Amino acid sequence: MVKLNLILSVALVAVALSVVSARHQARKLFVTLQAEQSHARELEVEWGQLQLEISTWLMHNRVEEVARGRLNMVIPVPGRIYVLQPDVLP
């Protein structure tokens, strides 16, 4: 009977330690999950800012401003504009 009580006590201690270990690991994983979710939110905000920046750079006025300022381009006078028509095949 003493052996049975001793075996059950050892088993009880082992199970208790495994429960404590499992809870500790679960808490660590939960903290990691929260950190990753926070990082994901930050990346979503950055993605939105980058999309806004791209749309700003692609605006017609911005392209024209860069063409005039950096590349010294100007709109040609009407006499220098040529419209090419594609050949129509019979």
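So which residues in the range 58-70 are surrounded by 10 or more Cβ atoms within 10 Å (Cβ to Cβ) and in a helix (DSSP H, G or I), if there are any at all?
Those that are surrounded by 10 or more Cβ atoms within 10 Å (Cβ to Cβ) and in a helix (DSSP H, G or I): ARG62, VAL63, GLU64, GLU65, VAL66, ALA67, ARG68.
Are there any pairs with C-beta distances below 7 angstrom linking a residue in the range 68-79 that is without any contact (Cβ under 8 Å) to a residue 40 or more places away in the chain to a residue that is in a helix (DSSP H, G or I) and among the hydrophobic types (A, V, I, L, M, F, W, C), with the two at least 6 apart or on different chains, and if so which?
MET73/ALA67
Readers should treat all values here as calculations from the given coordinates under stated rules, not as data from a laboratory. Source: prediction; values computed, not measured. Glycine also receives a Cβ, built like all others from the backbone with ideal geometry; neighbour counts cover every protein chain displayed.
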